[in-house]
Amino acid sequence: MKLALKKIRRQLESRQLEAEKETSRLETSELETSRLESGQLETSQLETTSSTLPSASPSTSSENPCIAPCIAILVSGDPLFFGLGRLLLAELPAEALTFHPHISSVQLAFNRIKVPWQSARTISVHGRSLDELIDALRKGENPIAVLTDSKNSPGAIARLLLSLDLPNAYEFWVGENLGGSTERVCCWRDLASVSKENFAPLNVVVLLRREEEESLDLESLPLLGLPDRSFLSFRDRPGLMTKREVRLLILGELALQPNQTIWDVGAGTGSVSIEIARLFPSSSIYAIEKTAAGISLIEGNAKRFQAGNIISIYGEAPDILYRLPSPDRIFIGGSGGKLERILNICSQQLSRRGTIVLAFSTLENIANLMAWAKQSGWQCRLLQVQLSRSVPIASMTRLEPLNPVAIVTLTR
C-alpha cells in the first residue's frame with residue numbers, strides 16, 4: 001500500500017512539474033504575441049497600412065496540458081473514518097486530494113438496529129490491540145461500535161467480555177455485509193454461543209448496555225467469592241467496587257465469627273457487606289455510606305442477594321458512628337479524607353478483642369495510617385496486594401493487572 005502511495009505521489013509531482021513548465025512556456029508565448037501585436041499597431045499607424053496578425057485562440061480545458069489527469073481511488077464507506085484517507089493525507093498534499101464519502105458500516109449498523117448513535121464510542125480493533133475496548137467496557141460506555149478483523153473477530157470480542165467479569169451486561173449485535181445482497185444482522189444475549197458462530201469477513205459489532213437488572217439464581221452462586229458481575233453497581237463507574245479477589249483477602253483478615261456486629265465504613269456498593277452477610281446470617285452488618293446513590297445500591301444488592309441482616313446507614317463517618325452499636329469487627333474501605341478522626345472513634349467503640357481492617361490504594365493513606373497506629377499503640381500488619389487476571393487476546397492470553405491495594409490489619 002505504501003509503495004503504491006509513493007508511486008502516486010511521484011506521478012503527481014512529475015505531472016505538477018510538467019504543468020508548471022507548460023504554464024511557463026504559454027506565458028512566454030503570450031508575451032511574445034503581445035509584443036508582436038503592439039509592434040504591428042505602431043507600424044500601421046506610421047505607414048497608414050493595415051495588416052492583421054493571427055491571434056492565439058484559447059485552448060479548451062480538454063486540450064490544456066496544464067490540467068493534470070485525475071487519479072481515482074475507490075474504497076468503501078467513508079475514507080476518513082478508519083479508512084484509506086488517513087494514509088493518503090500522510091503521503092500526499094491535502095490540496096491535491098478530494099474526498100467523496102459514502103455511508104460507513106457503523107452508520108448502517110446503528111440504523112439497522114434502530115438505535116441513535118450520536119453518543120456512540122467507535123473503536124477499531126482492526127490490526128490493533130484490544131486495550132481501548134477493554135477500557136471502554138470497564139467504564140461501562142454505551143453504545144460501543146467495534147470494527148473487527150480476522151483475529152479480533154466477534155467471537156474473540158465475546159470471549160473478552162466473558163473474561164472481564166463486568167458488572168454491566170451488554171447486548172451483542174453483529175452486522176455482516178451491510179448494504180450488500182447477503183446482509184445479515186443478529187443479536188446475541190448468550191455470549192458463549194457467539195464463539196461458535198461463523199461470521200462474514202466484513203462485519204461490525206455493536207454493544208448495547210442492558211438497562212434492566214438481570215435476575216440472580218442464588219442457588220448457583222458460590223457461598224464465598226461472588227462474581228463482580230452479580231452486583232448492582234454505579235452506572236457511570238461500574239468498576240468502582242472492591243474486586244472479588246481483594247474481598248476474599250479482606251474477609252480472611254477480618255477473622256469473622258458468628259453472632260458479631262460488623263461496621264462497613266464507606267461501603268460503596270455493599271459488596272463486602274454482602275459477602276459477610278451470606279457467610280454469617282446471625283451477624284449484623286452496618287453498611288455506612290455517605291452518598292444517596294451508594295445507599296440505593298447497598299439496599300438494592302441486599303434485596304438482590306436476600307441478605308436481611310444488612311442495615312444501610314446513610315451518613316458520613318465519623319459523625320454517624322456514634323449512633324451505632326459497638327462493633328466486633330470494622331472494615332474501612334473509604335475515609336473521605338477523615339481517616340484519623342474515623343480511627344479515633346473506631347478505636348473507642350470497638351470491642352476489646354476486636355479487629356480493624358482497612359483497604360487503601362494511595363501511599364498517603366498508608367503513611368497516615370502507619371503514623372496513627374504507632375502513636376496510638378496499635379499493632380499493624382500490612383499486606384500489599386498486586387493481582388492480575390487473564391484476558392484473551394485473539395487466540396492468545398495475557399495477564400491484565402488490577403490496581404494495587406494495601407490491606408492493613410489493626411489489633412490492640
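If we scan the range 349-366, do we find a residue that is within 25 Å of PRO258 (Cα to Cα), among the polar types (S, T, N, Q), in a loop (DSSP other than H, G, I, E, B) and touching a residue at least 24 places away in the same chain (Cβ under 8 Å)?
Within the range 349-366, one or more residues are within 25 Å of PRO258 (Cα to Cα), among the polar types (S, T, N, Q), in a loop (DSSP other than H, G, I, E, B) and touching a residue at least 24 places away in the same chain (Cβ under 8 Å).
Would a scan of the range 172-183 turn up a residue that is under 30 Å from LYS243 (Cα atoms) and not in a helix (DSSP H, G or I)?
Among the residues of the range 172-183, at least one is under 30 Å from LYS243 (Cα atoms) and not in a helix (DSSP H, G or I), which makes the answer yes.
With the requirement that a residue be under 19 Å from ALA255 (Cβ atoms), among the polar types (S, T, N, Q) and in contact with a helix residue (DSSP H, G or I) (Cβ under 6 Å, 6 or more places away or on another chain), what does the range 358-412 give you?
Scanning the range 358-412 gives a single hit, THR409.
Residue-wise test of (1) more than 36 Å from the chain's Cα centre (by Cα); (2) over 21 Å from PHE280 (Cβ atoms).
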| residue | (1), (2) |
| --- | --- |
| GLU299 | no, no |
| GLY337 | no, yes |
| ILE342 | no, yes |
| CYS346 | yes, no |
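Limited to the range 376-396, what total is found for residues that are under 14 Å from ILE356 (Cβ atoms) and out of contact with any strand residue (DSSP E or B) (no Cβ under 8 Å at 6 or more places or on another chain)?
Looking only at that region, the number is 2.
Can you go through LEU87, LEU74, LEU133 and tell me which one is among the aliphatic types (A, V, I, L, M), over 21 Å from the mean Cα position of the chain (by Cα) and surrounded by 14 or more Cβ atoms within 10 Å (Cβ to Cβ)?
Going through LEU87, LEU74, LEU133 in turn, the sole match is LEU87.
Please enumerate the residues belonging to the range 242-259 that are under 14 Å from PRO227 (Cα atoms) and assigned to a loop (DSSP other than H, G, I, E, B).
Passing the criteria: THR242, LYS243.
Going through the range 347-357 one residue at a time, which ones are within 12 Å of THR411 (Cα to Cα) and in contact with a helix residue (DSSP H, G or I) (Cβ under 8 Å, 6 or more places away or on another chain)?
Answer for the range 347-357, where residues must be within 12 Å of THR411 (Cα to Cα) and in contact with a helix residue (DSSP H, G or I) (Cβ under 8 Å, 6 or more places away or on another chain): SER347, THR355, ILE356, VAL357.
Of the residues in the range 194-225, how many are within 30 Å of LEU248 (Cα to Cα) and part of a loop (DSSP other than H, G, I, E, B)?
Matching residues across the range 194-225 total 13.
Could you figure out which of (1) at pLDDT 95 or above; (2) over 21 Å from ILE285 (Cβ atoms) isn't true of LEU363?
(1)
Yes or no: THR291 out of contact with any strand residue (DSSP E or B) (no Cβ under 7 Å at 6 or more places or on another chain), under 16 Å from SER335 (Cβ atoms) and of a type in the set (Val, Ile, Thr)?
yes
Within the range 227-241, identify whether any single residue is part of a loop (DSSP other than H, G, I, E, B), outside the structural domain of ILE345 (by TED's automatic domain parsing) and charged (D, E, K, R), and answer yes or no.
no
Before we move on, is PHE110 over 19 Å from ARG209 (Cβ atoms), buried (at least 17 other Cβ atoms within 10 Å of the Cβ) and within 19 Å of the chain's Cα centre (by Cα)?
no
Filter the range 164-194 for residues that are of a type in the set (S, T, N, Q) and surrounded by 15 or more Cβ atoms within 10 Å (Cβ to Cβ); which is nearest to GLU141 (Cα to Cα)?
ASN168
Which of the residues spanning the range 367-383 are under 22 Å from VAL246 (Cα atoms) and not in a helix (DSSP H, G or I)?
Hits for the range 367-383 are GLN379, CYS380, ARG381, LEU382, LEU383.
So, ALA158, is that one of a type in the set (Gly, Ala, Ser), loosely packed, with under 13 Cβ neighbours inside 10 Å and either assigned by TED's automatic domain parsing to the domain that holds GLY83 or not in a loop (DSSP other than H, G, I, E, B) (or both) or not?
The answer is no for ALA158.
The values are calculated or read from the model by the stated rules, or taken from the named source; none is laboratory data. For clarity, every value in this text was computed on a predicted model and none was experimentally measured. Backbone-built Cβ (ideal geometry, glycine too); neighbour counts: all protein chains shown.
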